[in-house]
Amino acid sequence: MISYSIRIIKKEDQAINLWTGGTTTELAIFPENTDYYKQNFLWRLSVATIDEEESLFTSLPGVNRITMIMDGEMHLEHDGHYRKFLKPFDQDAYEGEWTTRSKGKVKDFNVMLRNNYQAEIETINLEPGTHRVFSVKNKSSFDKVTDFVYCIQSEVRIRISEAKSLMLQEGDLLLINRKVKEELNIDLYNQGNEKLILIKGEIFI
């Protein structure tokens, strides 16, 4: 029997804070009683705005980062490593202790990881009246995984294997915690009249 837990974090329940370059919305943090500012988390999902034309990213030693652009374009420069130009839904993975500078005003999706945890993210586009089924990814070197779906625009109906269907509105986040060996199907439905854009991913722990 498959055993997993499901949690929806609504947009109105997400904390918004200021950082030196703009604002950041914390979507989820693990463990739940940890604090980003105390740097005692194991993973964190967030959405940030960069409102300044040029910004210096916060130094995060021991943290692996993934940044995906949601709106706008950005030049990233990791001092002593490489430069990269990102347009909407491009992503970059890098080390949090690197000195990272950006040029361009954007809105982005961020994954932060510690303890050699790994993550993969991708963008899903669904035209009105369509749906897609995903078989969740597994990595035998890990024991547990958190699958997530973030609704960027419109709304999505989700059916997880044989479970009751769920609805995500714009800005909502779905978390599914399970063991890696457990198999799930995630079925995403666009029942609206507009194009649906989602970010889907996995955090392996």
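The values are calculated or read from the model by the stated rules, or taken from the named source; none is laboratory data. In this text the structure is predicted, and so the values were computed from the model without any measurement. When we count neighbours, we look across all protein chains shown, and the Cβ atoms used for this are built from the backbone with ideal geometry, even at glycine.
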Looking only at residues that are charged (D, E, K, R) and within 22 Å of ILE9 (Cα to Cα) in the range 138-170, which one is surrounded by the most Cβ atoms within 10 Å (Cβ to Cβ)? ASP147
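Which residue, of ARG65, ARG101, ARG44, is basic (Lys, Arg) and surrounded by fewer than 17 Cβ atoms within 10 Å (Cβ to Cβ)? Please lay out each step first, then the result.
Values: ARG65 fails: surrounded by fewer than 17 Cβ atoms within 10 Å (Cβ to Cβ); ARG44 fails: surrounded by fewer than 17 Cβ atoms within 10 Å (Cβ to Cβ).
Of ARG65, ARG101, ARG44, the one residue that is basic (Lys, Arg) and surrounded by fewer than 17 Cβ atoms within 10 Å (Cβ to Cβ) is ARG101.
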Since LYS38 meets every condition but one in (1) surrounded by fewer than 16 Cβ atoms within 10 Å (Cβ to Cβ); (2) free of Cβ contacts under 8 Å to residues at least 60 places away in the same chain; (3) touching a Lys or Arg at 6+ places or on another chain (Cβ under 9 Å), which condition does it not meet? (3)
Near pairs, Cβ below 8 angstrom, 6+ apart or cross-chain, from the range 93-108 (in the same structural domain as SER59 (by TED's automatic domain parsing) and more than 9 Å from PHE57 (Cα to Cα)) to any residue that is assigned to a strand (DSSP E or B) and of a type in the set (Asp, Glu): LYS103/GLU54; LYS103/GLU77; VAL106/ASP71; LYS107/ASP71
Residue check for LEU188: modelled with pLDDT of 95 or more and either in the same structural domain as MET70 (by TED's automatic domain parsing) or within 29 Å of GLY96 (Cβ to Cβ) (or both): no
Could you list, in sequence order, all residues of the range 14-26 that are exposed (fewer than 13 other Cβ atoms within 10 Å of the Cβ) and either outside any strand (DSSP E or B) or in contact (Cβ under 8 Å) with a residue 40 or more places away in the chain (or both)? THR20
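Each row is one residue, and each column tells you yes or no for (1) farther than 13 Å from MET112 by Cα; (2) outside the structural domain of ILE16 (by TED's automatic domain parsing); (3) at pLDDT 95 or above.
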| site | (1), (2), (3) |
| --- | --- |
| TYR36 | no, no, no |
| SER46 | no, no, yes |
| THR49 | yes, no, yes |
| LEU56 | yes, no, no |
| THR67 | no, no, yes |
| ASP71 | yes, no, yes |
| ARG83 | yes, no, yes |
| LEU86 | yes, no, yes |
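Just to be sure before I move on: is GLU32 closer than 30 Å to ASN138 by Cβ, in a strand (DSSP E or B) and among the acidic types (Asp, Glu) in the structure I sent? Quick ask: steps written out before the conclusion?
Values: closer than 30 Å to ASN138 by Cβ: yes; in a strand (DSSP E or B): no; among the acidic types (Asp, Glu): yes.
It is false that GLU32 is closer than 30 Å to ASN138 by Cβ, in a strand (DSSP E or B) and among the acidic types (Asp, Glu).
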Any idea which of (1) crowded, with 18+ Cβ neighbours inside 10 Å; (2) touching a residue at least 40 places away in the same chain (Cβ under 8 Å); (3) β-branched (Val, Ile, Thr) is the one ILE29 doesn't satisfy? (2)
Hits in the range 96-116 (condition: in a loop (DSSP other than H, G, I, E, B) and of a type in the set (S, T, N, Q)): THR99, ASN115, ASN116
